[in-house]
Structure formats: structure tokens, C-alpha cells
Amino acid sequence: MFLPLPDYLNRIDKNNANYSLLFNKWVKFEGDFNSPEKLGDKKVDELIRLKSVFNNRKTQLKELAKSQKNRIFNMLSVQKNKDFFVKIIKCKVSDALICGIGDKHTLENSIRLDHCTGLPYIPSSSIKGVSRFAAEFNFETDKRDKNEDVIFGSPEGMGNVQFWDGFPLHVPKLKIDIMNNHFQKYSDSKGTIAPSDDMYPNPVPFIVVDADSEFYFPVIAKDENNLEKAVEFLKKIGRAHV
């Protein structure tokens with residue numbers, strides 16, 4: 001396998017390169033520079049390589065995670081001085097976590113990585129989305145409640161609670177998971193043929209964050225009552241604690 005990049009890029013010390021760059025741009029191919037080919041059965045080997053590169057960089061990534069956490073907490077201190085109320089929510093991953101699986105990638109499925117540190121993260125839009133779902137959905141009646149537009153916003157105006165990106169407290173471990181399409185021919189036919197047991201499974205491998213990884217994400221607002229409401233909505237979704 002080879003990296004389909006000019007020689008001057010291939011000569012760069014990849015041991016110190018940003019992992020997000022390695023994962024998204026420096027992926028190995030079959031064939032040669034003029035006619036690269038899909039990896040096919042060797043895609044799993046490349047995923048294993050990318051996973052191992054991340055897991056072997058724990059010391060380097062630990063420093064990046066620490067530096068990023070200090071920067072975020074300094075930003076929160078500034079917000080507090082501007083009379084914002086702040087909560088730091090911490091959540092532990094109970095099973096495999098994947099964000100950004102639908103992002104474009106040469107290996108078909110991706111994972112959302114921070115461009116600056118190369119660490120996986122949970123986008124603020126996802127955090128806000130699940131929080132809004134909890135706000136709209138009554139788990140006791142199994143029905144949707146009225147939107148909390150003052151918190152989340154509406155077409156008429158923005159909400160007054162800010163949900164920030166979630167980053168790992170410590171360097172998480174990556175592993176390989178699969179999606180398994182048992183009826184590939186049926187899916188490809190767009191319903192023109194029926195699914196049957198003689199259709200072979202089509203496992204699709206991709207990289208995920210392993211269980212027990214812990215993430216933190218700030219939630220801030222000018223109004224303390226609205227902030228507490230937003231935190232309670234998040235607690236309904238997962239095993240979150242402040």
C-alpha cells in the first residue's frame with residue numbers, strides 16, 4: 001500500500017503530525033500514484049493501522065487534551081466575569097461512540113475529529129439536539145411536550161442557552177466496530193427483489209470511541225434558571241453528572 005501524495009509530503013515526520021490530518025488525508029491505497037485502487041479486503045488493515053497510530057500516541061494526545069481543556073476553562077472564566085452562569089457536564093460512554101460516521105472519507109465511514117488536536121469530540125449541535133429531544137418528549141406519558149423555545153431558540157429568535165462541543169477528559173481508546181447489512185442485494189435493488197436468507201452479509205468496518213471514555217461539555221446561559229432546565233434535560237438522556 002502507498003500514500004497517494006507528492007514526495008515532499010511523504011517525507012514529513014508523521015510521528016508528530018496532527019492525527020486528524022493523518023486520518024483524513026494520509027490514508028494508504030493500493031495500486032500506484034497514477035492509478036490508485038480501492039483497498040477492498042485490505043480496508044480493515046488500514047483501519048487497524050489508523051486505530052493503532054492513535055492509541056500509540058497517548059502521551060502526545062494527553063498533552064494536547066490538557067492544553068485544550070485549560071484553554072476552554074480559561075474561556076469559561078471570561079464568560080463568568082461577564083455574568084454568565086456555567087455548568088460543566090460530564091458523561092461516560094456506556095458503549096461504542098461514533099460521531100460523524102456519514103462524513104466523506106476515502107474509507108467510506110469517518111469519525112468526527114477536532115482539526116486542532118486530532119481528538120474525537122461530540123459536536124455541540126448533537127448535544128443540543130438530544131437535549132431538545134428530552135425537552136420535547138415526556139418519558140412518563142410517552143408524548144411530546146411543548147418546545148422550550150426560550151432555551152433552544154425558534155425561527156423567531158435564538159435561544160439563550162449555549163451548548164459547547166464535548167471533548168474527552170482523558171485520551172479515549174479507539175476500536176473497530178461494524179455495521180452488518182444482511183440483505184445487500186435487496187438494498188441495492190431498491191425493493192425490486194425480496195430479501196432472502198441466501199444473501200450473504202456485508203460487514204462494513206469503521207472506527208469508534210471505546211466504552212468508558214469520559215467527555216465533558218460546557219453549558220452556559222445568562223439566566224441561571226434556564227441553565228438548570230437545560231442541564232436537567234440532558235440528564236434525562238444519559239447518565240450525566242455535574
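One table, with the values for the structure above:
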item	result
Within region 1-44, tally of residues that are of a type in the set (Asp, Glu) and touching a residue at least 40 places away in the same chain (Cβ under 8 Å)	0
Counted residues, region 130-176 - those being open to solvent by 40 Å² or more (accessible area, probe 1.4 Å) and not in a strand (DSSP E or B)	20
Selected residue (criterion: modelled with the highest pLDDT) from residues of region 12-30 that are assigned to a loop (DSSP other than H, G, I, E, B) and of a type in the set (S, T, N, Q)	Asn18
Qualifying residue in region 58-78 (condition: outside any helix (DSSP H, G or I), without any contact (Cβ under 8 Å) to a residue 12 or more places away in the chain and either over 23 Å from Ile178 (Cβ atoms) or not basic (Lys, Arg) (or both))	no
Scope region 12-44; condition acidic (Asp, Glu) and surrounded by 12 or more Cβ atoms within 10 Å (Cβ to Cβ); matching residues	Glu30
Check on Phe73, among the aromatic types (Phe, Trp, Tyr), in contact with a strand residue (DSSP E or B) (Cβ under 8 Å, 6 or more places away or on another chain), over 26 Å from Val204 (Cα atoms) and open to solvent by 70 Å² or more (accessible area, probe 1.4 Å)	no
Leu107 vs. criteria within 28 Å of Pro4 (Cβ to Cβ), open to solvent by less than 50 Å² (accessible area, probe 1.4 Å) and touching a strand residue (DSSP E or B) at 6+ places or on another chain (Cβ under 9 Å)	yes
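The values are calculated or read from the model by the stated rules, or taken from the named source; none is laboratory data. As the structure is a computational prediction, the values presented were derived from the model and not from experiment. With ideal geometry, Cβ positions are generated from the backbone for all residues, glycine too; neighbour counts draw on all protein chains shown. Heavy atoms of the whole protein, side chains included, go into the accessibility calculation; ligands, DNA and RNA do not. Shrake-Rupley method; radii C 1.70, N 1.55, O 1.52, S 1.80 Å.
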